[in-house]
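Report on the structure given below.
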Amino acid sequence: MENIIKQAHSGVAYLVLIFLFIAIVNAIIGLSSKKQFTEKDRKLGLVALIFSHIQLLLGLILYFTSPMVQTLSGNMGEVMKNSTLRLYGVEHPLINIIAIVLITIGWSKHKKATTSEEKFKKFAIFYTLGLILILSRLPWSAWLG
């Protein structure tokens with residue numbers, strides 16, 4: 001079961017990155033060209049939000065059921081001394097939760113915005129911050145190795 005969740009977590013990560021990137025580029029184009037915010041723009045932001053939340057749920061399930069993390073929790077001093085263990089046990093989960101909170105804030109703020117410019121700006125700012133945080137704490141050695 002753990003392997004299935006781990007594979008899903010890895011697979012959905014690609015979708016999160018792709019749709020966040022598309023939503024951000026769309027927001028920047030919409031902002032710079034002063035176009036009207038449409039249903040298509042809203043749906044792009046929503047798809048990025050949904051995949052981000054699915055990724056968060058998969059990650060939390062993996063975090064709380066993984067034997068590696070359960071082993072680590074008893075010896076946090078050693079975890080903090082080892083960069084790989086620290087990445088998987090502390091940095092990756094914490095930073096990505098913050099990233100998804102920022103993405104969610106961007107979604108909420110866009111709904112309260114009254115102009116197309118404000119809506120695009122909320123997506124551009126908060127989704128970009130979320131994407132930067134996600135990219136900063138991806139386990140690149142596992143992805144590229």
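If I compute solvent accessible area with a 1.4 Å probe over the protein chains, what percent of it on the chain is carbon and sulfur? Walk me through the intermediate numbers first.
Details: 5770 of 8380 Å².
Of all accessible area on the chain, carbon and sulfur atoms account for 69 percent.
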Checklist entry - Rounded to a whole number, what is D in µm²/s for the chain from Stokes-Einstein with the Kirkwood radius over alpha-carbon pairs (4 °C, 1.567 mPa s)? => result 80 µm²/s
Checklist entry - How do 80, 1 rank by accessible surface area computed with a 1.4 Å probe, from largest to smallest? => result 1, 80
Item to check | 37 °C / 0.692 mPa s Stokes-Einstein diffusion coefficient of region 41-115, Kirkwood radius on C-alpha pairs, µm²/s | outcome: 233 µm²/s
Item to check | Inter-part distance where region 100-114 and region 1-78 are each reduced to a Cα centre, Å | outcome: 16 Å
Checklist outcome for this item: As straight-line cross-link partners of residue 35, the qualifying aspartates and glutamates (C-alpha separation under 12 Å, not fewer than 8 residues apart within one chain) are 117, 118
Checklist entry - Once phi is turned into ³J(HN,Hα) by the Karplus curve 6.51 cos²θ - 1.76 cosθ + 1.60 with θ = phi - 60°, what whole-Hz value does each residue of region 83-92 show in order, with x for glycine and proline? => result 4, 5, 5, 5, 4, 6, x, 10, 5, 4
Item to check | By accessible area with a 1.4 Å probe, ligands and nucleic acids excluded, highest first: order of 14, 63, 127 | outcome: 14, 63, 127
Checklist outcome for this item: Dipole check, the chain, charges on Cβ (K,R +1; D,E -1), about Cα centroid: among 66, 17, 138 the Cα furthest to the positive pole belongs to 17
Checklist entry - Going by alpha carbons, how many degrees (0 to 90, nearest 10) lie between the helix axis of 2-32 and the longest principal axis of the chain? => result 30 degrees
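Where in the chain is the longest stretch that carries no trypsin sites (Lys or Arg not before Pro) classed as loop by DSSP and with at most 15 other Cβ atoms within 10 Å?
The reported range is 36-145.
The values are calculated or read from the model by the stated rules, or taken from the named source; none is laboratory data. These figures come from a predicted structure and were not determined experimentally. Methodologically, a virtual Cβ is constructed for each residue, glycine included, from the backbone with ideal geometry; neighbour enumeration extends over all protein chains shown. To get the accessible areas, we keep the full protein, side chains included, count just its heavy atoms, and leave off ligands, DNA and RNA. Shrake-Rupley method; radii C 1.70, N 1.55, O 1.52, S 1.80 Å.
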